Every structure is written in structure tokens, then in C-alpha cells.
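The values are calculated or read from the model by the stated rules, or taken from the named source; none is laboratory data. Everything numeric in this text was worked out from a predicted model, so none of it was measured. Virtual Cβ from ideal backbone geometry, glycine too; neighbours counted across all protein chains shown.
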């Protein structure tokens, strides 16, 4: 699994806007890679484009990847942090009471998974900031790897 490692200090040092621009560029690049792969697969199924025919693109002068990413920037998603998992029979669930302990498959001190709509995007460690729990990202899955995982899923 390819990962990029960014700490909160790195993001702060780069500046919020620069980091956002980098993330935007990464997502745009990943979307272009996915489109290219999809177009090649579609061309192969249909016999390919005619010789000398340019690959299809959106009408207009704007970069298509910018148009694509702008369409999804305001869509709300569910971000969750997973401490661990376990499988138990229903009879065990029915026996749970206050103070019961459920053993998880994760080890103490192991990084927790950060999921967006159920897909792994990063791993991190728990932190406390202003009496609230948070997570410091230690490993971030690259945008192209995220798209590969989503398309497989």
C-alpha cells in the first residue's frame, strides 16, 4: 500500500491554502488517471478510437479535472475513526451490560483507521485537544490509491 506521510506540523508549515491546493492537484491528477484508464478500457471494448482522432474531452476552455473536482467539493461525507473490530455471536451481544468488556482485534497503541464512507483514507493516533478527542494523521493513503480501492470496492 503506497502512502504519503504528513504530520499536522507539515500542513501548518506549508500553509493551509498551499496544502489545500496540493490536495486539490493530487485529486485532479488521480481523477485524470482514472478517466484515462476508463477511456482506454472503453476504447478497447469498442474497437478503439479512429487513427488521429483526439481523446474526448469536455467542451470549453477550462481544465476538465478542475470542473470535475469542483462538482464534488461540497458533498458531505461520513468520516469515522475505527478503533478495531471483532465478530461475536448474537447471544454474546444480548448478554452485554454496563461494564462489559469487548475484546477487539486491534492491539493497544496500534494506529487507528480513518474511514470516509467506509473507505480507508488514512491512519492515525488519538490526541486530546481542548478536552476533546481528535486524531493526528500519521499515514495518508494517496489519492490514486484511494480511487483504485473505491473502484475495486
Residue 30 vs. criteria modelled with pLDDT of 55 or more, closer than 17 Å to residue 150 by Cα and outside any loop (DSSP other than H, G, I, E, B) = yes
For residue 81, the lone unmet condition from (1) out of contact with any helix residue (DSSP H, G or I) (no Cβ under 7 Å at 6 or more places or on another chain); (2) under 25 Å from residue 151 (Cα atoms); (3) free of Cβ contacts under 8 Å to residues at least 40 places away in the same chain is (3)
Looking only at the stretch 127-138, count how many residues are touching a residue at least 24 places away in the same chain (Cβ under 8 Å) and either surrounded by fewer than 16 Cβ atoms within 10 Å (Cβ to Cβ) or farther than 23 Å from residue 86 by Cβ (or both).
-> 3
